[in-house]
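The values are calculated or read from the model by the stated rules, or taken from the named source; none is laboratory data. Note that the structure is a prediction, hence the values are computed from the model and not measured. Cβ: placed from backbone, ideal geometry, glycine included. Neighbour counts: every protein chain shown. Surface areas here come from the heavy atoms of the whole protein model, side chains and all, with no ligands, DNA or RNA. Shrake-Rupley method; radii C 1.70, N 1.55, O 1.52, S 1.80 Å.
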Amino acid sequence: MEIAIREACSRDAAAIARIHVDTWRTTYAGIVPDDFLAGLSYVKREQAWNETLSIGLPAAGILVAEAAWGEIIGFVAYGVPEREGAPVSHGEIAAIYVLEEQQRLGIGRRLFWEAVQRLSPYGISSMLLWVLEDNLPACRFYKSLGGEYLDRDTITIGGKELEMVSYGWRDVTEIIPE
Ligand SMILES: CC(C)(COP(=O)(O)OP(=O)(O)OC[C@H]1O[C@@H](n2cnc3c(N)ncnc32)[C@H](O)[C@@H]1OP(=O)(O)O)[C@@H](O)C(=O)NCCC(=O)NCCS
């Protein structure tokens, strides 16, 4: 399947929001409370992604995976987090989602590598991300890309306390394929 990975623009906000909501529902059913998932709104998500897309920070971005027929089928949001105003030296994948029917076709791996490559000119080669511990397929995905378990924390979503784990890469450029 021919897939192009490109930088997202403001007209992609609705497609990104749809993937975000639909993939949350398919991925987190049985993990995140049902009423929280049912309450997710395409309109609110689109507004939020529109705001994010309009900020345009350096060393941060959103990439979309676009199928040959023009449909956006996945996206990744990446950047360098700031902690108390001071930039840290590692990159972070803030969100990575591929529509359920297009998963396991190598699209997530491509989105991940493209995000990493876009951080490289900023001198960022170490990476970190957080994932819900019960999201086992995603944990397997990160491990398959060389991520090492780092830490754990909790997050409350829809009134339910959930365990999160972090995965890290000391030098992700070492494992980017040629
Ligand atoms: C996690 C996700 C981004 C991975 O993207 P993807 O396109 O499905 O994954 P890829 O096809 O690139 O997989 C690369 C490798 O990761 C591993 N992997 C991916 N999905 C897996 C799964 N469900 N079970 C086991 N291993 C998996 C495999 O080793 C795979 O290589 P292989 O297919 O050659 O064996 C995607 O499945 C997704 O959007 N899931 C739902 C949302 C989600 O959990 N996002 C992450 C939130 S932190």
Can you find, among 129, 103, 43, the residue farthest towards the positive end of the dipole of the stretch 3-175? Put +1 on the C-beta of Lys and Arg, -1 on that of Asp and Glu. 103
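Can you figure out the FRET efficiency of residue 42 with residue 153, using R₀ = 25 Å and their beta-carbon distance, to the nearest 0.05? Don't skip to the end; give the middle numbers.
Numbers: r = 29 Å, r/R0 = 1.16.
According to the calculation, E is roughly 0.30.
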Quick one: dipole size for the chain, taken about the Cα centre, charges +1 on Lys/Arg Cβ and -1 on Asp/Glu Cβ, in debye to the nearest 20. 180
Under the 0.36 nm per residue contour assumption, what length would be gained going from the current alpha-carbon distance of residue 57 and residue 120 to full extension? 21.1 nm
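Carbon and sulfur: what percent of the chain's accessible surface (1.4 Å probe)?
Numbers: 4850 of 9920 Å².
That fraction is 49 percent.
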Suppose each label sits 7 Å from its Cα in the direction of the beta carbon; what would the residue 174-residue 2 distance come out to in nanometres? 3.8
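Please compute the per residue accessible area over the chain with all protein chains in place, 1.4 Å probe, rounded to a whole number of Å². Please list the in-between numbers first.
On the way: 9920 Å² over 178 residues.
Here the residues of the chain average 56 Å² of exposed surface.
What 222 nm value per residue comes from the helices of the chain, counting each DSSP H run with n ≥ 4 as -39,500 (n - 2.57) and dividing by all residues, nearest 500 deg cm²/dmol?
Details: 5 runs with 57 residues, N = 178.
After summing the helix terms and dividing by the residues of the chain, the value is -10000 deg cm²/dmol.
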How big is the gap, in Å, between the Cα center of the stretch 68-140 and the Cα center of the stretch 9-57? 16
Would you tell me the accessible area of residue 44, worked out with a 1.4 angstrom probe on the heavy atoms of the protein chains, in Å² to the nearest 10? 140
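Between residue 143 and residue 9, what FRET efficiency follows from the Cβ-Cβ distance if R0 is 22 Å, with the result rounded to 0.05?
Numbers: r = 33 Å, r/R0 = 1.48.
Efficiency computed from Cβ-Cβ geometry: 0.10.
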